[in-house]
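The values are calculated or read from the model by the stated rules, or taken from the named source; none is laboratory data. Remember, it's a predicted structure, so these values are computed and weren't measured experimentally. Because the Cβ atoms are built from the backbone with ideal geometry, glycine has one as well, and the counts that use them run over all protein chains shown.
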Amino acid sequence: MQRSASTTHPTPHKILPVVTRVIEQLDKVFLERSGAGGQARLEMVFQRWLSSGKTSPSGLRHYVNALAEQLDERERKEFSVRAERILLHLQSGYVS
């Protein structure tokens, strides 16, 4: 499964294409905010999210919250604002 420009993750889990596109967008925002070590933290969060089984569109908020926990306070706020915009687009049906 393609999640970001530089990472491919094979997975036995079935994830809807719309969820995959949203994850790619969230991952990009996270990597912009996370700095060094961000890719490893991203992978850890993604694997935990997959294991939780909450991989439907409604489970994306769990993914966002788990990613936000990996950031310091200032970066967390910026990430959360941008992630919320992405999720709002999903809810309104405008996922690119």
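Of the residues making up segment 37-71, those that are outside any helix (DSSP H, G or I) and at pLDDT 95 or above number 3.
Number of residues in segment 12-25 that are out of contact with any strand residue (DSSP E or B) (no Cβ under 9 Å at 6 or more places or on another chain) and either modelled with pLDDT of 90 or more or surrounded by 13 or more Cβ atoms within 10 Å (Cβ to Cβ) (or both): the value is 8. The residue pairs whose first member lies in segment 28-46 and is charged (D, E, K, R), whose second member is part of a helix (DSSP H, G or I) and crowded, with 18+ Cβ neighbours inside 10 Å, and whose beta carbons are closer than 7 Å, counting only pairs six or more residues apart or on different chains, are 33/79; 41/34.
Listed here are the residues, each with its yes/no results for (1) in contact with a Ser or Thr (Cβ under 6 Å, 6 or more places away or on another chain); (2) within 21 Å of residue 91 (Cβ to Cβ); (3) loosely packed, with under 15 Cβ neighbours inside 10 Å.
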| residue | (1), (2), (3) |
| --- | --- |
| 43 | no, no, yes |
| 64 | no, yes, no |
| 68 | yes, yes, no |
| 74 | no, no, yes |
